[in-house]
Structures are given as C-alpha cells and as structure tokens.
Amino acid sequence: MGLQDIDTVAEKVLAKNIRAAARAMRWVDDRDPRANDLLRKLYPHTGNALILGVTGNPGSGKSTLVNALIGQYRANGKTVGVCAVDPSSPFSGGAILGDRIRMQDHFNDDGVFIRSLATRGHLGGLSGSTLDTVTIMDAMGLDVIIVETVGVGQDEVEVVRMADTTVVVVVPGLGDEIQALKAGILEIADVFCINKADRDGVDRLEADIQSMQEFDHAAGRSFRPVIRTVAIRGEGIGELCEAIQAHASGSDADGRRLTGQTTMRLRTVLDDRLLGGVLKALRSEGTFEDAVARILDRKSDPYTEAERLIARGIELLAQAGDPPEAN
Ligand SMILES: Nc1nc2c(ncn2[C@@H]2O[C@H](COP(=O)(O)OP(=O)(O)OP(=O)(O)O)[C@@H](O)[C@H]2O)c(=O)[nH]1
Ligand SMILES: [Mg+2]
C-alpha cells in the first residue's frame, strides 16, 4: 500500500475526480488502513461546503425532499453531494434502493454525487463513516452536502449534530409525530419542515410545533421557521431553501457553534476508531469472545473484563504504530 497511491487518490479527489472519490469512500467503508492517511491529507481542504442534515421518521419523505432540494440547488448553479444513511431498520428495508429511485432525477448529472451508506454490520461506525464520507465530499469542492438520516437512534442524532443546518421533517396525521420530536429530534432542528402538507392535519401539527417552541422560547431559545412542503410536487422547496440559507448565514454560525461541531467531529472519529478499530481487533483475536465466555461462566464479571479489554486495546493501538507528530 504505497504512500504514492494515497497521494494520487488525494490529488484526484481534490481535482473532483469521481472515480477517485468513490475509491476513497470504499477505503472508508472497508476500514482500509489507507483511509486515515488519505483523510489527513484531505482535511485541510475542507470546511467550504454547507453541510445540511435532513432527518425525520421513516417514510416522512426525506429522500423525496432531498431530490427536490438537489433540483433547487442545481438550478442555482451549486454542486451537491448526498450521503444517505440506511438505518437497516425493520421499518425501511430496502431504503438504499428507495433512495436511488427517489433521487433518480439526478443520477446522470455530474454536479451531483450520491452515496448510500448501510449501517448494518457497522460497529460504532455509522457516525464515523458518514463523517468521513462528508469529509471526502467537502474536499471534492461540492457546494452543498446533504446528509439524510432517520431520526430514531442516538447515532443518527449525532450524525446530524455535525451539520451546519438541520432540517427536521415531520408529517401530519400521525399523532405520534410530536412524541418522536420530544424524544430528542426537536432539539436539533434549525428548520422544521412539515412535509406531505397535501394531507389533513397540517394546521394542527404546526400549532403543536409552535406551542413547543413557545415553551423553548421561555427557556431562551429563539424561534425556528416552520416550512410546509409537498415534496412529491416540489411545492415549498424554494421557501425551504431560503430558510436553510437564512440559518446557515445567520448568527447561529458563530464560533461557539463551530467549536461544538469540531468537538463532535473529534469525538466521532475517536469513538469510531476506538469502538470500530479496537473492538474489531479485539474480536478478531478472540479476546472479546473469551471475555464473554468467562462472564457467562461466572468466572469473571463485565467490570473486570472491560478493564482487561481496555488494557489490551491500548496495547493493540500501540502496535498499530504512532501517529505523525502534530504540527
Ligand atoms: N402525499 C405525499 N406523499 C409524499 C410526499 N413526499 C413524499 N411522499 C411519499 O412518501 C413515501 C416515502 O417517501 P421517501 O422519500 O422514501 O421517505 P423517506 O423519509 O426518505 O423514507 P426512509 O428513507 O425509508 O425513512 C413515498 O411513497 C413518497 O412518494 C408528499 O409531499 N406528499
Ligand atoms: Mg429515504
């Protein structure tokens, strides 16, 4: 695995070469040892894209909305990257295929780069591989990078925290929407999007969101816009883009927010490398399974074993070689 190889791929990614970018993303997915070196080279060239999180319940119309947003950004001359995270949840089997179909308007446009990430089988790696994919897209010089995730798990919430602006998609008529919002998604919304506004119950849902916002407002939080869309017909997309733009260029994009994002990024990479990397190594040498067996036999306990695994993990990390000096 030549360093030259990594340099070439990095140069090509920076020159917007699609095949090199796809290769880089494969390295990330496969946890290829070249990925870290590559990402290190790309990182200084990032920070220019608008990173947009789109999250919401399964089936709320996120992909359809993303498809419409791509159209709007392309019409404004902007290039777009999409990173769609398939939660592999029981609700939405086949989401990757679904994304393909829903975003197919843009498959032959070389100003659009769409990547689906499966989460099945990733050990603590969802946030990490999403973040790495976004880094590659940012380095490619794409203007807007949209990350679509289902807003159900903690992992998804963390992914969205890396975004500059987050749109939370809700739909009328479910009744449980607000419950889902209360379970943490509400917090992360910079813009609310009521999609499927062609259905009944829109006024009611908007009133619910607003009354929650009153509550938040009393606690010092500013009001966030609520935009109605009918994604399948492209209605409300212009307004949604404006609300996104207003947030992205607003005072929220201040130093504190950026520090928060950077903290989240570092934590994400750290979690990913520790859990994904070290745990994988521990499992492949059987240490983890041995520990499970000892606990099962009541010969040991999770506390002792966790300490033992941490110690072994540190040894494995040391063997993997020292990182380059910070400069
Ligand atoms: N009536 C109506 N249906 C819509 C609208 N937007 C999307 N849909 C439909 O809702 C269904 C789900 O849309 P998707 O875009 O796949 O939803 P999603 O949130 O990406 O779904 P997952 O990725 O599986 O969580 C599809 O059948 C869409 O055609 C809308 O504005 N109105
Ligand atoms: Mg989708």
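What the table shows:
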read-out	value
FRET efficiency estimate (nearest 0.05) - Cβ-Cβ, K299 to T263, R0 41 angstrom	0.55
Net charge, L309 excluded, C-beta distance under 15 Å - Lys, Arg +1, Asp, Glu -1	-2
Heavy atoms of S129 accessible to a 1.4 Å probe, total area in Å² rounded to 10	10
Solvent-accessible ranking of R74, R26, R265, largest area first, probe 1.4 Å	R26, R74, R265
Those trypsin sites (Lys or Arg not before Pro) in region 275-305 that DSSP places in a loop and that have at most 11 other beta carbons within 10 Å	R298, K299
Cα gyration tensor, region 1-45 - rounded (a/c under 1.5), prolate or oblate	rounded
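The values are calculated or read from the model by the stated rules, or taken from the named source; none is laboratory data. What you see is a predicted model, and the numbers here were worked out from it, not measured in a lab. Backbone-built Cβ (ideal geometry, glycine too); neighbour counts: all protein chains shown. The protein model used for the area step is the full one, side chains on, heavy atoms only, and it has no ligands, DNA or RNA in it. Shrake-Rupley method; radii C 1.70, N 1.55, O 1.52, S 1.80 Å.
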